[in-house]
Amino acid sequence: MERLSKATLPAAHTDGVTLPPSGWDTQRTGIVHMGIGAFHRAHQAVYTQDAFAATGDDRWGICGVTQRSDTVKRQLAGQDGLYGVLERAVDHTGVRVVGQVREVLFPAEQNAELMARIVDPATRVITLTVTEKGYRRNGQGGLDLADPAVAADLAGGEPVSAVGRLVRGLQARQRAGAEPITVVCCDNLASNGRVLKRLVDDFCAALGDDDLTAWIASKVTFPCTMVDRIAPATTDADWALGEQILGLHDEGLVTAELFKQWVIEDDFVAERPAWEKAGAQLTDDVEPFENMKLRILNGTHSTLAYAGALRGYPTITRTMADPELAELAAGLITEDVIPVLECPPGEDLPAYGAEVLKRFSNPALAHKTTQIAMDGSQKIPLRLLSTIRDNLAAGRNPAHAITGVAAWMAYVATPEANGLPLPIDDPMADRLAAVRGSKDALGIVENLMGIEDIFGTDLPGNTSVHDQLVDAVTALLP
């Protein structure tokens with residue numbers, strides 16, 4: 001079968017296929033995106049292509065930056081940047097071909113090219129999806145200056161961390177006298193724009209570059225965002241289905257649900273794509289939207305991942321087919337999260353929660369429980385502990401959220417469940433390994449609650465939370 005490319009695109013099937021808009025291949029590059037994994041290609045790149053289709057503004061082609069390996073570069077280089085998004089729902093299966101990515105850089109080999117792209121006056125927006133752990137924060141939320149990659153970046157030479165590459169690029173832009181630029185974090189972090197701004201400031205302070213700090217304060221903005229679309233890892237079956245629909249071999253195929261949402265703080269210091277024409281929501285305050293998503297969707301997703309994996313379920317869909325765990329998810333949303341959550345303008349929290357559960361039950365998406373389980377030490381505080389704290393402050397008992405945290409604890413302690421390996425892929429893996437293989441629920445809870453970077457100083461002293469965690473871990477351990 002021929003491989004997807006500009007030359008073969010006219011041979012693509014027409015039934016179930018959406019082709020990129022005319023002129024996709026002549027767009028100029030105006031966005032640098034750091035972390036060009038599956039989520040970006042299924043989310044922000046799609047919004048940007050739809051904005052191009054709606055307006056004809058051709059200044060917003062994307063330069064993708066692959067952080068850890070050159071895999072995506074190799075996938076897309078032979079396809080003229082084209083790739084398909086296999087969109088699947090109960091009553092829909094189709095492939096959307098995206099041509100918004102105009103080049104992919106692997107900075108381990110092309111750092112000079114990356115710096116030149118950031119300096120280029122045509123670049124007005126930098127976006128990031130590098131995952132929570134990619135920001136290399138310490139327990140206080142600042143930049144971890146002791147991290148080996150951060151320390152090496154500060155010492156000079158070609159940067160390797162996301163924040164290091166970003167700041168060195170901004171430094172080069174400042175020295176070149178280039179125009180203002182907006183940096184848009186698209187990772188699942190509360191107040192993600194402000195988080196990133198703090199990390200950038202910490203890096204500049206460690207450099208001792210007051211001029212750069214002042215330039216960033218006046219020439220760069222960091223709007224907050226909330227992003228949402230389920231984009232599971234692409235399987236062999238997905239690739240086969242994508243080829244069948246498209247009629248071409250696509251090495252860059254990604255998989256996603258139909259639903260997508262992007263809420264963006266309207267704080268741009270330079271020009272940007274008309275993302276609102278593609279359905280993005282521009283707002284003065286993203287926080288209520290991000291809390292809605294982090295607590296209802298992400299908190300429930302994590303709870304299902306840990307609880308389902310402990311029963312040997314490989315996917316979220318299979319987990320939702322378990323009536324007891326589906327009830328746990330519904331109870332978490334309706335009884336623990338919604339009663340203490342501010343409703344964003346124009347949203348209906350019960351309807352949003354019901355839609356989330358429906359999305360998790362989508363049999364067309366094989367979202368692996370162990371994939372969602374990654375980086376729990378970074379996710380649990382935002383996704384579940386915030387809900388627990390708000391309930392305690394309101395005099396309420398968040399039993400379902402506590403069960404979600406207990407499921408994480410039991411997962412960390414359990415190497416395998418019903419034939420399913422439960423790996424620990426977490427920046428705190430060495431610390432979490434202290435409970436690996438333990439069947440002592442009390443010991444597991446007290447050991448993990450003692451990690452101040454996760455639980456703070458308030459929750460470990462709460463007897464009710466402690467005792468409920470011990471009971472729940474006892475029940476959850478296989």
Of the conditions (1) at pLDDT below 95; (2) outside the structural domain of residue 261 (by TED's automatic domain parsing), residue 14 satisfies every one except a single condition; which number is it? (2)
Evaluate region 117-132: report whether one residue or more is over 30 Å from residue 23 (Cα atoms) and either crowded, with 19+ Cβ neighbours inside 10 Å or not hydrophobic (A, V, I, L, M, F, W, C) (or both). yes
Quick one: would you say residue 322 is acidic (Asp, Glu) and either under 30 Å from residue 120 (Cα atoms) or assigned by TED's automatic domain parsing to the domain that holds residue 125 (or both)? no
Flag if residue 469 is assigned to a helix (DSSP H, G or I) and touching a residue at least 60 places away in the same chain (Cβ under 8 Å): yes
Could you tell me whether residue 225 is touching a residue at least 60 places away in the same chain (Cβ under 8 Å) and of a type in the set (Val, Ile, Thr)? yes
Over region 322-347, the set of residues farther than 26 Å from residue 395 by Cβ, exposed (fewer than 14 other Cβ atoms within 10 Å of the Cβ) and at pLDDT 95 or above is 323, 324
Matching option when the condition is within 24 Å of residue 290 (Cα to Cα), in contact with a His (Cβ under 9 Å, 6 or more places away or on another chain) and part of a helix (DSSP H, G or I), among 389, 383: 383
Quick check, is residue 453 at pLDDT below 95, part of a helix (DSSP H, G or I), out of contact with any Leu (no Cβ under 6 Å at 6 or more places or on another chain) and surrounded by fewer than 17 Cβ atoms within 10 Å (Cβ to Cβ)? yes
Quick check on residue 378: is it touching a residue at least 40 places away in the same chain (Cβ under 8 Å), out of contact with any Asp or Glu (no Cβ under 7 Å at 6 or more places or on another chain) and within 30 Å of residue 456 (Cα to Cα)? no
Out of (1) crowded, with 23+ Cβ neighbours inside 10 Å; (2) assigned to a loop (DSSP other than H, G, I, E, B), the one residue 84 does not meet is (2)
Restricting attention to region 30-71, which residues are touching a residue at least 60 places away in the same chain (Cβ under 8 Å), assigned to a helix (DSSP H, G or I) and within 17 Å of the chain's Cα centre (by Cα)? 38, 39, 40, 41, 42, 44, 46, 47
Residues in region 172-222 that are under 19 Å from residue 116 (Cα atoms) and hydroxyl-bearing (Ser, Thr, Tyr): how many? 1
Give the number of residues within region 195-210 that are buried (at least 16 other Cβ atoms within 10 Å of the Cβ) and assigned to a helix (DSSP H, G or I). 11
Is it true that residue 407 is modelled with pLDDT of 95 or more and either surrounded by 17 or more Cβ atoms within 10 Å (Cβ to Cβ) or among the acidic types (Asp, Glu) (or both)? yes
Subset of region 72-81 [touching a residue at least 60 places away in the same chain (Cβ under 8 Å) and part of a loop (DSSP other than H, G, I, E, B)]: 78, 79, 80
Starting from residues that are out of contact with any Ser or Thr (no Cβ under 6 Å at 6 or more places or on another chain) and among the acidic types (Asp, Glu), keep the ones in region 63-114 and report whichever is nearest to residue 14 (Cα to Cα). 87
Kindly provide the set of residues from region 87-99 that are over 16 Å from residue 38 (Cβ atoms) and buried (at least 23 other Cβ atoms within 10 Å of the Cβ), ordered by number. 99
Do we have residue 213 as outside any helix (DSSP H, G or I), more than 14 Å from the chain's Cα centre (by Cα), polar (S, T, N, Q) and assigned by TED's automatic domain parsing to the domain that holds residue 81 here? no
Looking only at helices (runs of 4 or more DSSP H) that fall completely inside region 220-329, which ones have 2 or more residues that are under 30 Å from residue 78 (Cα atoms)? 236-246
Failed condition for residue 240, given (1) within 24 Å of residue 373 (Cα to Cα); (2) of a type outside the set (S, T, N, Q); (3) surrounded by fewer than 19 Cβ atoms within 10 Å (Cβ to Cβ); (4) modelled with pLDDT of 95 or more: (1)
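The values are calculated or read from the model by the stated rules, or taken from the named source; none is laboratory data. Since the model is a prediction, treat every value here as computed from it, not as a measurement. Backbone-built Cβ (ideal geometry, glycine too); neighbour counts: all protein chains shown.
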